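Working notes, beginning with the structure itself.
The values are calculated or read from the model by the stated rules, or taken from the named source; none is laboratory data. Keep in mind the model is a prediction, meaning the values are calculated, not measured. In this analysis, Cβ positions are derived from the backbone assuming ideal geometry, glycine residues included, and neighbour counts consider all displayed protein chains.
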Amino acid sequence: MSIFDFLSGQFIDVIHWTDNTRDTMVWRFERQGHEIKYGAKLTVREGQAAVFVHEGQLADVFTPGLYMLETNNMPIMTSLQHWDHGFKSPFKSEIYFVNTTRFSNLKWGTKNPIMLRDPEFGPTRLRAFGTYTVRVADPAVFLREIVGTDGEFTMDEISYQIRNIIVQEFSRALAASGIPALDMAANTADLGKLVATAIDPTLKKYGLSLPELYIENISLPPAVEKALDARTSRGIAGNLDEHLKWKAAEAMATENSAAGQAMGMGMGAALGMQMANPQTGPWGPVAAPPAPPPPPPVEHVWHIAEGGQVTGPFSKAAMGRKVTDGTLTRASMVWTQGQDGWKPAEDVTELANLFTVMPPPPPGA
């Protein structure tokens, strides 16, 4: 060591750390031979802690503030050094600055699907991902358990381990929660708190805490999502048999309307020709052939609104069966094509008689 290095080590008496990397958790104050001048000024800023390691032993921990490194504010170091109050020579110690702010927007996710028993789908697999926030809660424990003698420790060096802990506890909490897969989105906040609480004891052993854990998405396997989409489509269409009947009736109505218009035009043309050139027989004019009967009326199909959900369409026969089994009442709101808004069933003439028809007494009664 040159004389210049020795003198600079003796006269430099300001110890501090400013960090602009945003991912450094621990930084060791470098000094030639780790020699610290007695009475030096130690500046610990907000969001930092300074840990002294003397001869391999963890000594004092300084929280934010300005300190004069003397015997009156370094009790543990004083006992390790066996200092007298008048002793003011330099001492050799390692000083580690620990970043105690929150490291945010850290990612986690399940590499492999989580197997669980869903009450609706049965055995299924789920994937999940999200973000979390971590901070150093106990600098001394963190330095002893994780950092060791590393002169510069970054978040990347421990993030993988934390992710593994999160995924393990998340898998356990998800499997034990009993929440159906379709209700997961409404319970992500509670699941996040549950997982964070389960992880906290493990992280305390490392001197860390997990202030926030967010679950951004919980997804089903592609095959299950495809089946769920098909099931949703069937639910929107309602009863498949009734849906097909309704579509057929709608198509028939369109065809009958077009046929009626064409027939009316043909009859009008024929009548005009007969009037212009009436046919006569032996006893006078021949009577015109009778007009064909009108097309049969189209049977209405009905939709039922209950609890904010719409079911149907149902034929009148199906509505009669619903009256019989009690699922359709006079107050039930119904609608059919051409009707002006929803109406109670008893206010619809075509349905009102369903509530007044009572079956005769059974034979032998």
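Can you name every residue in segment 192-211 that is in a strand (DSSP E or B) and among the polar types (S, T, N, Q)? Reasoning before the result, please.
The initial filter retains those residues of segment 192-211 that are in a strand (DSSP E or B), namely 208-211.
Passing the criteria: only Ser209.
Filter segment 169-178 down to residues that are out of contact with any helix residue (DSSP H, G or I) (no Cβ under 9 Å at 6 or more places or on another chain) and surrounded by 13 or more Cβ atoms within 10 Å (Cβ to Cβ) and give me whichever is modelled with the lowest pLDDT.
Ala175
Starting from segment 14-43, keep only residues that are more than 18 Å from Tyr67 (Cβ to Cβ), then list their pairs with residues that are loosely packed, with under 12 Cβ neighbours inside 10 Å and among the aliphatic types (A, V, I, L, M) whose Cβ atoms are within a distance under 7 Å, requiring at least 6 positions of separation or different chains.
Gln32/Met1
Which number in (1) touching a helix residue (DSSP H, G or I) at 6+ places or on another chain (Cβ under 7 Å); (2) over 25 Å from Ala49 (Cα atoms); (3) modelled with pLDDT under 85 marks the one condition that Val195 misses?
(3)
If I filter segment 210-226 down to residues being more than 11 Å from Tyr132 (Cα to Cα) and more than 14 Å from the chain's Cα centre (by Cα), which single residue comes out as surrounded by the fewest Cβ atoms within 10 Å (Cβ to Cβ)? So that I can check it myself, show each step before the final result.
As a first pass, look at segment 210-226 and keep what is more than 11 Å from Tyr132 (Cα to Cα): 217-226.
From the residues that got through so far, the ones that are more than 14 Å from the chain's Cα centre (by Cα) too are 221-226.
Working: Pro221: 13, Pro222: 8, Ala223: 10, Val224: 16, Glu225: 11, Lys226: 11.
Looking at residues that are more than 11 Å from Tyr132 (Cα to Cα) and more than 14 Å from the chain's Cα centre (by Cα), I get Pro222.
Within segment 55-99, can you find the residues that are crowded, with 19+ Cβ neighbours inside 10 Å and at pLDDT 80 or above?
Ala59, Asp60, Phe62, Glu94, Ile95, Tyr96, Phe97, Val98, Asn99
Scan Gly207, Gly281, Gly307 and give me the residue that is exposed (fewer than 10 other Cβ atoms within 10 Å of the Cβ) and either assigned by TED's automatic domain parsing to the domain that holds Val334 or modelled with pLDDT of 70 or more (or both).
Numbers: Gly207 fails: exposed (fewer than 10 other Cβ atoms within 10 Å of the Cβ); Gly281 fails: either assigned by TED's automatic domain parsing to the domain that holds Val334 or modelled with pLDDT of 70 or more (or both).
Gly307 is the lone residue from the list that is exposed (fewer than 10 other Cβ atoms within 10 Å of the Cβ) and either assigned by TED's automatic domain parsing to the domain that holds Val334 or modelled with pLDDT of 70 or more (or both).
Please work out if Lys205 is among the basic types (Lys, Arg) and without any contact (Cβ under 8 Å) to a residue 40 or more places away in the chain.
no
So which strands (runs of 3 or more DSSP E) are wholly in segment 94-174 and hold at least 2 residues that are among the hydrophobic types (A, V, I, L, M, F, W, C), touching a residue at least 12 places away in the same chain (Cβ under 8 Å) and over 15 Å from Ile218 (Cβ atoms)? Lay out the reasoning, then the answer.
Values: elements: 94-99, 103-109, 114-118, 122-136, 152-154.
Fully inside segment 94-174 and qualifying: 94-99, 103-109, 122-136.
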